[in-house]
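Report on one structure; see the data block that follows.
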Amino acid sequence: MPLLSTIPSDCRRAFLTDQFVLTHHPAQINICNFQGNVKQTLDFPESEGYIEHLTLFQGFLSVSTNKNFVKMYDLTRREAKQTHVTRRFADQQGKSLGTALF
């Protein structure tokens, strides 16, 4: 398979779809075209923690942070849109209500 493009980035992970590339950084996700131009940035405030897990499935992106926050995005639109309010899955003492099996 021939090399089509390279994207210089200091990202932790990258996801390739048929329409764009997602690059994962500690406190943000960039949605890039195949030339590496950032089309949209999904920022995560320090109060919600750093991104730990990403799951991309059928046009939806779920993101969880080290402070037990979860966000869902619909990526099937022209621009990514958060589909639900941000939720924190922790008890009153801040202990996680679940464990990721990644």
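For the stretch 10-20, enumerate the residues that are among the hydrophobic types (A, V, I, L, M, F, W, C) and either part of a loop (DSSP other than H, G, I, E, B) or farther than 15 Å from Q58 by Cβ (or both).
In the first step, residues of the stretch 10-20 are kept if they are among the hydrophobic types (A, V, I, L, M, F, W, C); the result is 11, 14-16, 20.
C11, A14, L16, F20, listed by residue number.
Residue check: T23 meets all listed conditions (1) surrounded by fewer than 17 Cβ atoms within 10 Å (Cβ to Cβ); (2) part of a strand (DSSP E or B) but one, namely (1).
Please find, among S62, S47, the residue that is small (G, A, S) and closer than 14 Å to F15 by Cβ.
Numbers: S47 fails: closer than 14 Å to F15 by Cβ.
Criteria check complete, one pass: S62.
Rundown of residues vs (1) surrounded by 13 or more Cβ atoms within 10 Å (Cβ to Cβ); (2) touching a Cys at 6+ places or on another chain (Cβ under 7 Å); (3) on the phi > 0 side of the Ramachandran plot, yes/no style:
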position	(1), (2), (3)
P2	no, no, no
N30	yes, no, no
K39	yes, yes, no
P45	no, no, no
I51	yes, no, no
L54	yes, no, no
Q58	no, no, yes
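A single entry from V38, V63 fulfils the requirement of being closer than 17 Å to H84 by Cα, of a type in the set (V, I, T) and modelled with pLDDT of 90 or more: V63. Of the listed requirements (1) touching a helix residue (DSSP H, G or I) at 6+ places or on another chain (Cβ under 9 Å); (2) part of a loop (DSSP other than H, G, I, E, B), K71 misses just one: (2).
The values are calculated or read from the model by the stated rules, or taken from the named source; none is laboratory data. In this text, all values refer to a predicted model and were calculated from it rather than measured experimentally. Don't worry about glycine lacking a Cβ; one is built from the backbone with ideal geometry, like all the others, and counts go over all protein chains shown.
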